[in-house]
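Participant: This is the structure, below, for whatever I ask next.
Where a number appears in this text, it was derived from the coordinates with a stated rule and is not lab data. Just so we're clear, the structure is a prediction, and the values are computed from it rather than from any experiment. FYI the Cβ positions are ideal-geometry reconstructions off the backbone, even for glycines, and counts take in every protein chain you see.
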Amino acid sequence: MKINTDIISEREKEVVTLMYKGLNYNRIAEEMNISPATVRKHTENIYKKLSVHNKVEAIHKCIEKKIIKV
């Protein structure tokens, strides 16, 4: 399945990048100046858009498809 890198918003890319760095939802929320609930919502959207079930799969797919730079 081909993934358009534009399918993930810039904020969602930022969430995935911070997940890759090992931050939990609370720390991601602090870094992005948003609530943990908003981080969870971004994460849900990422999973749906990428057709994945967890953050490891999301990170892997984003790296593989060059959606994020590591």
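Participant: (1) over 17 Å from ASP6 (Cα atoms); (2) buried (at least 16 other Cβ atoms within 10 Å of the Cβ): which one isn't true of ILE67, the others all being true?
Facilitator: (1)
Participant: Which of the numbered conditions does GLU31 fail, given that it passes all the others? Conditions: (1) buried (at least 16 other Cβ atoms within 10 Å of the Cβ); (2) touching an Asp or Glu at 6+ places or on another chain (Cβ under 9 Å); (3) not hydroxyl-bearing (Ser, Thr, Tyr).
Facilitator: It fails just one condition, (1).
Participant: So which residues in segment 5-47 are part of a helix (DSSP H, G or I) and of a type in the set (Val, Ile, Thr), if there are any at all?
Facilitator: Initial filter on segment 5-47 (part of a helix (DSSP H, G or I)): 5-7, 10-20, 25-32, 36-47.
Scanning segment 5-47 gives THR5, ILE7, VAL15, VAL16, THR17, ILE28, THR38, VAL39, THR43, ILE46.
Participant: Just need a number here: residues in segment 39-70 that are of a type in the set (A, V, I, L, M) and under 11 Å from VAL15 (Cα atoms). Talk me through it step by step, then tell me what you get.
Facilitator: Of all residues in segment 39-70, those of a type in the set (A, V, I, L, M) come to 39, 46, 50, 52, 56, 58-59, 63, 67-68, 70.
Subset that is under 11 Å from VAL15 (Cα atoms): 39, 46, 58-59, 68.
Count: 5.
Participant: Residues in segment 48-60 that are surrounded by 15 or more Cβ atoms within 10 Å (Cβ to Cβ) and assigned to a helix (DSSP H, G or I): how many? Please lay out each step first, then the result.
Facilitator: Here is the first cut: in segment 48-60, the ones surrounded by 15 or more Cβ atoms within 10 Å (Cβ to Cβ) are 49-50, 52, 55, 58-59.
Subset that is assigned to a helix (DSSP H, G or I): 49-50, 55, 58-59.
So the count comes out to 5.
Participant: Output the number of the condition that MET19 fails; it satisfies all remaining conditions of (1) surrounded by 14 or more Cβ atoms within 10 Å (Cβ to Cβ); (2) over 14 Å from LYS69 (Cα atoms).
Facilitator: For MET19, the failing item is (2).
Participant: Still on this structure: Would you mention how many residues in segment 47-68 are farther than 10 Å from MET19 by Cβ, free of Cβ contacts under 8 Å to residues at least 60 places away in the same chain and among the basic types (Lys, Arg)?
Facilitator: 3
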